[in-house]
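Report on one structure; see the data block that follows.
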Amino acid sequence: MPHSAAALAENGGARITETVDLSPFFTEAGRALPDSARTEAGKALIEALHSFGFVKVVGHGLSKHEIDSALGWTKKLFDLPYEDKMKAPHPPGPMPHRGYSGLGQEKVYSKDDVKATSSSADVGKVLRKISDFKESYEIGSEQDPVQQNIWLPDDVLSGFRSYTTSLYERLSGVSKVLLDAIGVGLGLEGDEHATLTGLVSDRHCQLRLLHYPPIGKEKLQNELLARLPPHTDWGTFTLLFQDQNGGLELKDAQTKEYIHAEPEEGAFVLNAGDMLQRFTNDYITSSLHRVSVPDPSTVLDSGIPARYSVPFFTCPDFSHTVATLPRFVTPESPAKYEPVRFDQYGSIISKYQYQGEE
């Protein structure tokens, strides 16, 4: 069950996000409990997502070994020489969003960023003035009919393709159970619950492996750079595993403060995306989040350490139309969103990414 909002720990202004135990949905012992246990856990999940848009999840069925292996393979990948990683290069342009992207190649930004620069002749160029100091590798389903995976040759990193394919399938399964927990927490049944299931397609999710290299203090003082600026995820929800160095911050919509998602052994961070927000007419909000670069004056002479993380983005089918569930439209909360095809929604932002290093 979650800690109460009043009990959220504070340490130098940083607050720990709520933690919800979803073992009644994931473990054999939990599934043997009365339905009331799943209802209670589901409601706790929805309470946190309604209040903050994000939450830490434990009791998700993934072992410590599985989490450590995912982060370990991520480090092995990015420890490879650059020329080896470039044997599976992300192609120019946003599609397919697969393969390896080097430092500064990707620039992430929010819908508000795009709107704020929409009068510019080259929106993408304006938004890429400050590099995102990270490298990434994108993996999807082997059954994705729209985007095909781009793999390293097996002799470059033996077992990588097999492992990450299995990891994708494992996290896809976890996501389906999480979606069920969201439905239980919202009290959805019958046709309403069936509509919810359309928000996650096991063919169109995305597994991302991320490395944020260490940054020396001199570089921090002398260059404009970012690790991951504030943005929302335009899918349904995201699961994130991060190493002990942490770094993820999520914005509390009520206080407008950024909350540090401190690493917690055995937990992942779950944050809502734009599709879940539209589906619930803002009852669940898509959380603004970032990986910030600290003020150089607060950094030790050794700089800031490397960071590794593994987000899993859940999405509907590209052709799926997401519409607000009627129960969330009331005289007090009129409809805020028109139905939208998922691929059309994402194309506005994604078309400015992966234009190359300039």
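Tabulated results
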| quantity | calculated |
| --- | --- |
| Given (1) modelled with pLDDT of 90 or more; (2) in a loop (DSSP other than H, G, I, E, B); (3) of a type outside the set (D, E, K, R), index of the condition L239 fails | (2) |
| Within region 32-88, helices (runs of 4 or more DSSP H) holding 3 or more residues that are basic (K, R) | 64-78 |
| Filter result (of a type in the set (D, E, K, R) and closer than 21 Å to S166 by Cα) within region 63-88 | K64, E66, D68, K75, K76, K85 |
| Residue list for region 244-258, filter: surrounded by 21 or more Cβ atoms within 10 Å (Cβ to Cβ) and not small (G, A, S) | L248, L250 |
| Residues within region 145-192 that are in contact with a helix residue (DSSP H, G or I) (Cβ under 7 Å, 6 or more places away or on another chain), farther than 30 Å from Y82 by Cα and crowded, with 16+ Cβ neighbours inside 10 Å, tallied | 9 |
| Region 249-287, residues that are in a loop (DSSP other than H, G, I, E, B) and of a type in the set (D, E, K, R) | D252, K256, E257, E262, E264, E265, D282 |
| Boolean, S69 is touching a residue at least 12 places away in the same chain (Cβ under 8 Å) and among the polar types (S, T, N, Q) | yes |
| Pairs where the first residue, in region 146-158, is in contact (Cβ under 8 Å) with a residue 60 or more places away in the chain and the second is open to solvent by 50 Å² or more (accessible area, probe 1.4 Å) and part of a loop (DSSP other than H, G, I, E, B), C-beta under 7 Å, 6+ apart | L152/K87; P153/K87; V156/K87 |
| Criterion: assigned to a strand (DSSP E or B), modelled with pLDDT of 85 or more and open to solvent by 40 Å² or more (accessible area, probe 1.4 Å) - qualifying residue of R290, R327 | R290 |
| In region 205-234, the residues that are modelled with pLDDT under 95 and open to solvent by less than 10 Å² (accessible area, probe 1.4 Å) | Y212, I215 |
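Yes or no, residue by residue, for (1) farther than 19 Å from V310 by Cα; (2) in a helix (DSSP H, G or I); (3) aliphatic (A, V, I, L, M):
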| site | (1), (2), (3) |
| --- | --- |
| D154 | yes, no, no |
| T164 | no, yes, no |
| G173 | no, yes, no |
| K176 | no, yes, no |
| A181 | yes, yes, yes |
| D191 | yes, yes, no |
| A194 | yes, yes, yes |
| L199 | yes, no, yes |
| H211 | no, no, no |
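The values are calculated or read from the model by the stated rules, or taken from the named source; none is laboratory data. None of the values given here were measured: they were computed from a predicted structure. Don't worry about glycine lacking a Cβ; one is built from the backbone with ideal geometry, like all the others, and counts go over all protein chains shown. Heads up: the accessible areas ignore ligands, DNA and RNA and are worked out on the full protein's heavy atoms, side chains in. Shrake-Rupley method; radii C 1.70, N 1.55, O 1.52, S 1.80 Å.
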